[in-house]
1. So what's the convex hull volume per residue for the Cα atoms of region 158-237, in Å³?
2. Full-extension gain between Ser253 and Glu141, please, as 0.36 nm times their residue separation minus the C-alpha to C-alpha distance.
3. As a quick test, which of the pairs Lys18/Lys283; Lys96/Lys132; Lys13/Lys135; Lys184/Lys218 have an alpha carbon distance above 25 angstrom in this structure?
4. Keeping the other protein chains in place, figure out the carbon and sulfur percent of the accessible area of the chain, with a 1.4 Å probe.
5. Please find the FRET efficiency linking Glu51 to Ile185, where r is the Cβ-Cβ separation and R0 is fixed at 51 Å, and quote it to the nearest 0.05.
6. Can you give me the accessible area per residue for the chain, using a 1.4 Å probe, in Å²?
7. What's the extension gain from Gln119 to Ile159 if we count 0.36 nm per residue and subtract their Cα-Cα distance?
8. On the Cα set of region 1-129, report Rg and Dmax in Å, please.
Amino acid sequence: MNYTLHQLQVFLKITQNKSITKAAIELHLTQPAVSIQLRNFQDQFDVPLTEVIGRKLYVTDFGKEIAIAAEKILNEVHAINFKTMAFKGQLTGRLKISVVSTGKYVIPYFLSDFLKQNQGVELLLDVTNKTKVLKNLENNEVDFSLVSVLPETLQIEKIELMPNTLYLVANIDQQIGNEIQDKKIIENLPIIYREQGSGTRYIMEKFIEYNQLTVPKKMVLTSNEAVKQAVLAGLGCSIMPIIGIKNELNNGSLQIIPVKGLPIESNWNLIWLKGKKFSPVAKAYIKFIELEKTRIIEQKFNWIM
């Protein structure tokens with residue numbers, strides 16, 4: 001046996017995603033590179049680790065056992081690295097955060113300086129929809145979550161970070177005019193929705209329900225980026241957070257349709273379970289946010305304030 005830590009890491013990601021393509025994306029590698037690492041790792045075992053049936057990858061029972069062992073080994077390696085840095089007086093450990101998909105435009109700016117100041121901190125960041133974010137939080141699998149819609153069934157504490165502002169958006173071919181439109185205009189436009197469980201969809205549906213609008217779903221897509229591309233292509237309009245369309249507004253490929261009652265205002269909140277016992281890393285991050293939040297917003301997000 002002569003496998004490497006990198007091979008263990010690659011194999012573990014493959015078993016977690018049950019996909020070479022998804023593993024490659026998470027590892028920031030090409031798909032051929034991941035396939036080569038899997039083949040080289042498999043060559044060291046006489047028993048198959050994975051099998052492909054109908055173009056779908058399955059992990060064998062033996063492969064699952066090896067994945068468990070690989071995770072234990074990698075955790076021990078992390079522990080050694082953390083102990084080494086701690087011995088040098090550095091803050092060490094993992095910071096685990098789950099973020100709703102639109103939050104990917106926000107959270108990096110509230111992490112960058114903290115991670116630069118604390119080289120011994122390893123970030124585990126999960127970007128997904130609101131439903132999974134709250135499930136991660138409820139199961140105490142993360143230190144913090146970033147959401148724009150606060151959970152109704154969980155006892156939490158929070159730090160309000162910054163506004164989340166949503167507008168009705170169309171591509172430049174949509175000829176409507178600059179005058180403020182009545183809300184009823186939304187009933188006559190092909191509206192693109194996010195998937196069920198999305199915070200953006202929740203906010204949009206609350207607006208439609210409150211104003212008693214009848215809006216047929218033109219299309220349902222699973223990310224704000226997919227919605228943006230569909231709007232750019234002229235497939236419809238959508239109510240979107242301005243945080244994710246800055247470049248498109250600046251270059252004129254998207255336009256905001258002025259509508260009575262819009263924009264919708266909510267807030268980005270960093271939340272955690274009430275009574276949670278923080279690790280030293282989580283404590284340090286909370287302190288960092290409290291001290292640096294205003295500076296970060298003024299420097300990075302003054303264009304939407």
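The values are calculated or read from the model by the stated rules, or taken from the named source; none is laboratory data. All values derive from a computational prediction rather than experimental measurement. With ideal geometry, Cβ positions are generated from the backbone for all residues, glycine too; neighbour counts draw on all protein chains shown. In case anyone asks, the SASA skips ligands and DNA or RNA and just uses the protein heavy atoms, side chains included. Shrake-Rupley method; radii C 1.70, N 1.55, O 1.52, S 1.80 Å.
1. On the way: hull volume 10.0 nm³, N = 80.
Taking only Cα atoms, region 158-237 has a hull volume of 125 Å³ per residue.
2. Values: separation 112, 0.36 × 112 = 40.32 nm, distance 3.97 nm.
Between Ser253 and Glu141, full extension yields an extra 36.4 nm.
3. Pairs exceeding the cut-off: Lys18/Lys283.
4. Numbers: 8460 of 16630 Å².
Ligands and nucleic acids excluded, carbon and sulfur give 51 percent.
5. Working: r = 54 Å, r/R0 = 1.06.
In this case the efficiency is close to 0.40.
6. Details: 16630 Å² over 305 residues.
Here the residues of the chain average 55 Å² of exposed surface.
7. Numbers: separation 40, 0.36 × 40 = 14.40 nm, distance 2.43 nm.
Stretched fully, the Gln119-Ile159 segment lengthens by 12.0 nm.
8. When restricted to Cα atoms, region 1-129 yields Rg and Dmax of 17.0, 52 Å.
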